[in-house]
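K.L.:
Dropping the structure in here first, questions after.
The values are calculated or read from the model by the stated rules, or taken from the named source; none is laboratory data. Small disclaimer: the values here were computed from a predicted structure and weren't measured. In this analysis, Cβ positions are derived from the backbone assuming ideal geometry, glycine residues included, and neighbour counts consider all displayed protein chains.
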Amino acid sequence: MGIGAVKAVFLDRDGVLNEAVVREGRPYPPSSVEDLKVIPGTPEALARLKAAGFLLVVVTNQPDVAKGTQSRGVVETINAALRAALPIDDFFVCWHDDRDACSCRKPKPGLLLAAAARYGIDLAASFMVGDRWRDIDAGASAGCRTVLIERDYHERGPSAEPNFRTISLESAANWMIANELMH
């Protein structure tokens with residue numbers, strides 16, 4: 001890693017930081033800030049990552065805004081509540097659906113590349129943590145090491161094998177801190 005280069009942990013939002021609403025084996029975001037539940041252990045795991053020198057950046061697809069089933073204001077309110085509760089440095093949001101063919105919707109790496117450009121992030125020294133194949137594929141495409149938090153959704157697996165699989169953000173944080181030292 002170059003002198004002064006920033007290392008980051010990119011985090012998916014729903015299913016990683018807060019509980020996803022699972023319907024028919026598929027994850028969905030909470031419908032309101034009242035339905036927002038931070039996953040136990042998340043504040044402590046993020047605090048450890050911050051203490052290890054990582055920038056913490058949320059990269060989240062919110063296609064329900066494009067579909068008209070959620071308002072941008074509610075998504076921003078949920079993000080603000082998470083920012084107030086957790087040591088998050090920034091949020092990068094894709095507001096599109098797959099049919100929009102944008103460059104920011106995961107599995108494309110656009111959100112990670114935009115964050116890297118804004119903050120001078122060394123992508124090879126960084127990690128992408130997600131609970132879905134889209135997160136792992138986006139992280140791999142951006143050149144990050146990847147961590148899959150297993151949630152047993154009914155969907156295909158990632159194209160790229162994650163560097164680490166686990167069931168909690170706490171164990172993911174332990175692995176990233178140990179592996180950051182080896183980079």
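K.L.:
If you check ALA80 against the conditions, is it in contact with a Pro (Cβ under 8 Å, 6 or more places away or on another chain), more than 21 Å from ARG132 (Cα to Cα) and in a helix (DSSP H, G or I)? Lay out the reasoning, then the answer.
P.N.:
Working: in contact with a Pro (Cβ under 8 Å, 6 or more places away or on another chain): no; more than 21 Å from ARG132 (Cα to Cα): yes; in a helix (DSSP H, G or I): yes.
Judged against the criteria, ALA80 is not a match.
K.L.:
Residues of region 2-31 being exposed (fewer than 15 other Cβ atoms within 10 Å of the Cβ) and either modelled with pLDDT of 95 or more or on the phi > 0 side of the Ramachandran plot (or both), which ones?
P.N.:
The answer is GLY4, GLU24, GLY25.
K.L.:
With the condition kept exactly as written, say whether any residue in region 114-126 is over 18 Å from PHE92 (Cα atoms) and surrounded by fewer than 23 Cβ atoms within 10 Å (Cβ to Cβ).
P.N.:
Taking region 114-126 as the starting set, the residues that turn out to be over 18 Å from PHE92 (Cα atoms) are 124-125.
In the following step, the residues that additionally are surrounded by fewer than 23 Cβ atoms within 10 Å (Cβ to Cβ) were identified as 124-125.
The answer is yes, given that some residue of region 114-126 is over 18 Å from PHE92 (Cα atoms) and surrounded by fewer than 23 Cβ atoms within 10 Å (Cβ to Cβ).
K.L.:
So in region 84-113, with the set limited to residues that are of a type in the set (A, V, I, L, M) and surrounded by fewer than 17 Cβ atoms within 10 Å (Cβ to Cβ), which one is modelled with the lowest pLDDT?
P.N.:
The selected residue is ALA101.
K.L.:
Could you pull out the residue among ARG165, ARG134 that is surrounded by fewer than 17 Cβ atoms within 10 Å (Cβ to Cβ), among the basic types (Lys, Arg) and not in a loop (DSSP other than H, G, I, E, B)?
P.N.:
Details: ARG134 fails: surrounded by fewer than 17 Cβ atoms within 10 Å (Cβ to Cβ).
The match here is ARG165.
K.L.:
List pairs: first residue in region 91-109 and of a type in the set (Ser, Thr, Tyr), second residue buried (at least 17 other Cβ atoms within 10 Å of the Cβ) anywhere in the structure, Cβ distance under 7 angstrom, at least six positions apart or on different chains.
P.N.:
From region 91-109, the pairs are SER103/GLY110.
K.L.:
Of all residues in region 42-68, count the ones that are over 16 Å from TRP175 (Cα atoms) and among the hydroxyl-bearing types (Ser, Thr, Tyr).
P.N.:
1
K.L.:
Next question, about the same structure. Identify, by number, the condition in (1) within 22 Å of LYS106 (Cβ to Cβ); (2) at pLDDT 95 or above that LYS37 doesn't meet.
P.N.:
The one condition LYS37 does not meet is (1).
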